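S.K.: One structure, as structure tokens, below. Some questions next.
Please treat every number below as a calculation from the coordinates, not as lab data. Note that the structure is predicted; figures quoted are calculated from it, not measured. Ideal geometry is used to build each Cβ from the backbone, glycine not excepted, and the neighbour counts take in all protein chains shown.
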Amino acid sequence: TTKGGPRAMRHGMGLRLLVAVTAAIFGAACLSEPGHAEGEKRLSSGQTVYVPAYQSIAVSKKPRRLPLTTTLSIRNTDPERQITIVSVKYFAANGYLIKNLLEKPETIDPLAVMSFVPGEPKEKREEAETSFIVIWKAVGKEVSWPIIQAVMIGAAGQQGISFLCDGQVIRSANQ
């Protein structure tokens, strides 16, 4: 017998299904990548990148939300050259700047990673969506584009959810 009886078991199964479907929807939306040819080497001397993120997701028809922890990950994919992260800003859904996450530019070595965990906005809103704007530049010659992603994780009871959103280039230094 399951603890809590059949009703608790049905509720648990429903929650698992809802979390799985939500993860699939968010995953499909967040994993879309700008069009480029398979195997094409993408080089740039710098970019401004928009990265969508989520503070929470709805887990039922009722106004119940699952809080998420967000990590911004910036991966230098160039095996030979450094990149400089010029700016990392964290925004609310209404476009309000929540905070600057980088006080001064920092360099990422070849194949290294820089991560940020911004925490919750000071003003707790019911909004679920946030975003980052990352500005980076090459040190010297053009470099391979970095991989910039927001990774979200959350848990409710014994159920967990995780998904990521890829950054989207909104401005290139080459333009």
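S.K.: TYR54's amide H: which non-local residues (gap 5+, or another chain) put their own amide H closer than 5 Å, with H modeled 1.01 Å from N in plane and none for Pro or chain starts?
M.R.: THR130
S.K.: Here's a follow-up. Take SER87 and VAL117, extend 7 Å from each Cα along the Cα→Cβ direction, and tell me the distance between the two endpoints in nm.
M.R.: Between SER87 and VAL117, the simple spin-label model gives 2.7 nm.
S.K.: Residue by residue through segment 134-146, which ³J(HN,Hα) values in whole Hz follow from phi under the Karplus form 6.51 cos²θ - 1.76 cosθ + 1.60 (θ = phi - 60°), with glycine and proline marked x?
M.R.: 10, 10, 10, 9, 6, 9, x, 6, 4, 10, 5, 4, x
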